[in-house]
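The values are calculated or read from the model by the stated rules, or taken from the named source; none is laboratory data. Computed from a prediction, not measured in an experiment: that's the story for all the values here. Cβ placement follows ideal geometry from the backbone for every residue including glycine, while neighbour counts extend to all protein chains displayed. The area values use the complete protein model at the heavy-atom level, side chains included, leaving out ligands, DNA and RNA. Shrake-Rupley method; radii C 1.70, N 1.55, O 1.52, S 1.80 Å.
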Amino acid sequence: WLLPCVRLGNLFCFSRLQLPSGEKTEGQDANGVPLRRSKRGWMWNQFFLLEEYTGTDMQYVGKLHSDSDRGDGSVRYVLTGEGAGTLFKIDEKSGDIHATKRLDREEKAYYILHAKAVNRFTSEALEGESEFIIKIHDINDNEPRFTKDPYMARVPEMSDIGTSVIQVTAIDADDATYGNSARVVYSILEGQPYFSVDPETGLIKTALPGMDREVKENYQVVIQAKDMAGQMGGLSGTTTVSITLSDVNDNPPRFTKSEYIQVPETRELGSEVGVIRALDADIGENAEMDYRITGSDGPGMFDIITNRTTQEGVIVLRKPLDFEKKRQYSLRVQVENVHINPRFFSVGPFRDEATIKIVVEDVDEPPVFERASYVMEVKEDAAKNTVIGSVSASDPDDKSSLVRYSIDRRTDMDRVFNIHAGNGSVFILRELDREEYAWHNISVIATEFNNPRQISRVPVYIRVLDVNDNAPTFATNYETFVCENAKANQRIQTVSATDPDEPLGGHRFFFSLAQEAAGKANFSVRDNKDNTAWILTRRNSYNSLQMSVYHVPVVISDGEFPMQSSTNTLTIRVCTCDREGNMKLCNAEAYTARAGLSTGALVAILLCVIILLMIVVLFAALRRQRKKEPLIISKEDVRDNVVSYNDEGGGEEDTQAFDIGTLRNPEAIEESKQRRDIVPETFYPPVRRPVLPPTRDNNGDVRDFINQRLQDNDSDPTAPPYDSLATYAYEGNGSVAESLSSLESVTTEGDQDYNYLSEWGPRFKKLADMYGGDDSDRDS
């Protein structure tokens, strides 16, 4: 059987009472079966250990003991599990368990370990492994901590007593199941008498009625949480709760004083006159206000608009001001809250009224015309300087300055009108023509004499009335034909008229045959009384051979006064027609006449002529381009043309050099080619050049040399082409180095010995062959 062994000082030990080996207990169960007690191992309860041990020695936990332990040291106790070997150590021989470190229940409340007893020498298990628990006993070592610090809360102003504000919560890490270490009680340290706190729940409530935000808006409340149920010796923590009173509409708007506004009389319509403001102790939407005018001695003169941003009333001008007519206005303005709280109806009406005085300031204004615009009429036949109307303007100021009138010439560039500077009478300067301009729009300027900068303008519309000064004419150039087999009184054309005049009753035209043609007329005119007329034949037939074209004069007159008339000619040509009256053939004269009178035909003919001229010019240019031939093909001498061939000569042995005859005409190549730069001995005898005696005059020497060369070129028929440039380098006589020019080689060549050139090597072999030969070779 197991018997616990308890020691004082919170030390517990457990031992197992075991029967002698092989001893058994006997008994029977309910069925009469004999019972046998088997051998049992040990059984463990839990150990208890205080947290936060502060002693210097290791804290004793308990003792393990096995009945197999005879005290001879053959039993070894083994401890495994949580903290074994680090937090907890066991004496292998005695089984004593100690805690090596200070433990904290808030970190870990219990530890599960396993214990067993083994033979020290054979490591054979003497007892089966058993599990036991070491539980940490709590002590009050943690103060309550609030979940927030600080707390922020809002409550409406003027709230009733007991209105909930916010609930605070503090948490104690100690064991709530063991004693009062985790039992927290709330109390208020600061914030009385305005607020209170429930000691059990931490709910903060209002404790004072009528708290006004306009008096005090923010409150700082300090709340304490204490464990051990608030008893002495308990631990505590604090937090701050910042409480703000939110606004309610408990204050009406108020005008502080009557407003006095000054405004010049020239203020534009719709512009701001002044701003008024009522004060409201509330804020936000509780301070929103509406302004309106409840009374005024100038109805409709002003209006008021509420500025929602600034909560101001903006007075706006609706009608023009005039200092000379009214110098002061009085307005009655009311202001009222938009959002009203029914709880505070008893406080009083949430509106206020004030009187606004608006004083109009005098401003020097420009002259004012009696009308906004003027309309005048004048007949187009009116004589110059005829007065057609007048304008009138006056100075609206009290001083009543005189006004001077003028016409804005930008609106009357042709100077058709003028105005009297003193009385504003408008008169004409030039003759008018309604058909050219039926209306004239000008601007008249009025200027103060005392202040020329004060000006005003007014538009003047002048209508030019029509006068019957134009005669009616044909509506178009009429031209028609009559058949040779026409019958009498046959209609061949309908004519109408036009008149640029515009009579009030409309046009009425009269048509008749001219007086000079009435007696011998071949045609007649019938007035249809509707501003048209018919042209009729007066006989049965017409002969185109006798008269191919008829010109019928028609007189058109109007019915106005004075009556205007004009004679218009209708061209009628005689044509051959079929039985139905369709034209078949007309004479050439009539066609020509028609073509000559047609503008489209003239334009078409002109275009055709231009196109033909362009074709001729283009053809001539192409012909000229085709006639150009290459310069080399010409058999004539090439004079002013330079042809470059870039051919290098073969030296003095090239006997065919400078034969430009081939260049002039490549086709005329002869078998026997001669050098044109050497006079052929066959046709021309050699010219002997006389040897000039030396002279001391250098200038004469050069002159003689040039004359000699000029004579040689003039007498040489095989000289190079015309305009050739011959360049000579002549040093003159008497030089120590003698002449280096090859021009005198003709006279000095026989005295030269060129045999030394053969000694200069193979590079000068060609030159030695040319100059080192016999005299016979050189002569040849």
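Tabulated data for the structure shown
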{"quantity": "Inter-residue pairs, beta-carbon under 6 Å, first touching a residue at least 12 places away in the same chain (Cβ under 8 Å) and farther than 13 Å from residue 376 by Cα and in segment 456-469, second open to solvent by 30 Å² or more (accessible area, probe 1.4 Å) and of a type in the set (D, E, K, R), 6+ apart", "calculated": "466/502; 467/379; 467/381; 468/560"}
{"quantity": "Members of segment 95-125 that are part of a loop (DSSP other than H, G, I, E, B) and open to solvent by less than 30 Å² (accessible area, probe 1.4 Å)", "calculated": "95, 103"}
{"quantity": "Residue selected from segment 320-377 under the condition within 30 Å of residue 433 (Cα to Cα) and in contact with a Phe, Trp or Tyr (Cβ under 8 Å, 6 or more places away or on another chain), by the criterion surrounded by the most Cβ atoms within 10 Å (Cβ to Cβ)", "calculated": "374"}
{"quantity": "Test: residue in segment 381-393 that is within 48 Å of the chain's Cα centre (by Cα) and either open to solvent by less than 30 Å² (accessible area, probe 1.4 Å) or within 30 Å of residue 248 (Cα to Cα) (or both)", "calculated": "no"}
{"quantity": "Residue in segment 232-243 that is crowded, with 19+ Cβ neighbours inside 10 Å and more than 60 Å from the chain's Cα centre (by Cα) present", "calculated": "yes"}
{"quantity": "Tally, over segment 273-295, of residues that are in contact with a strand residue (DSSP E or B) (Cβ under 6 Å, 6 or more places away or on another chain) and open to solvent by 50 Å² or more (accessible area, probe 1.4 Å)", "calculated": "7"}
{"quantity": "Residues of segment 618-633 satisfying the condition of being open to solvent by less than 100 Å² (accessible area, probe 1.4 Å) and at pLDDT 75 or above", "calculated": "620, 621, 622"}
{"quantity": "Options 213, 254: the member that is open to solvent by 30 Å² or more (accessible area, probe 1.4 Å), over 47 Å from the mean Cα position of the chain (by Cα) and modelled with pLDDT under 95", "calculated": "254"}
{"quantity": "Search result, residues across segment 135-154 that are in a loop (DSSP other than H, G, I, E, B) and under 27 Å from residue 206 (Cα atoms)", "calculated": "144, 147, 148, 149, 150"}
{"quantity": "Scan of segment 257-272 for residues that are touching an Asp or Glu at 6+ places or on another chain (Cβ under 7 Å) and either of a type in the set (D, E, K, R) or open to solvent by 80 Å² or more (accessible area, probe 1.4 Å) (or both), ordered by number", "calculated": "262, 265"}
{"quantity": "Residue match in segment 502-525 (condition: in a strand (DSSP E or B), modelled with pLDDT of 90 or more and surrounded by fewer than 15 Cβ atoms within 10 Å (Cβ to Cβ))", "calculated": "no"}
{"quantity": "Scan of segment 154-170 for residues that are closer than 21 Å to residue 212 by Cα and open to solvent by less than 10 Å² (accessible area, probe 1.4 Å), ordered by number", "calculated": "155, 157"}
{"quantity": "Verdict on residue 453 being open to solvent by 30 Å² or more (accessible area, probe 1.4 Å), in a loop (DSSP other than H, G, I, E, B) and within 30 Å of residue 504 (Cα to Cα)", "calculated": "no"}
{"quantity": "Qualifying positions in segment 205-225 - in contact with a Phe, Trp or Tyr (Cβ under 8 Å, 6 or more places away or on another chain) and under 30 Å from residue 141 (Cβ atoms)", "calculated": "221, 223, 224, 225"}
{"quantity": "Selection within segment 192-210 - open to solvent by less than 20 Å² (accessible area, probe 1.4 Å) and not β-branched (Val, Ile, Thr)", "calculated": "195, 202"}
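For every residue, the table says whether it meets (1) at pLDDT below 95; (2) of a type in the set (S, T, N, Q); (3) not assigned by the TED database to the domain that holds residue 150.
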position	(1), (2), (3)
227	yes, no, no
230	yes, no, no
233	yes, no, no
236	yes, yes, no
241	no, no, no
264	yes, no, yes
277	yes, no, yes
281	yes, no, yes
284	yes, no, yes
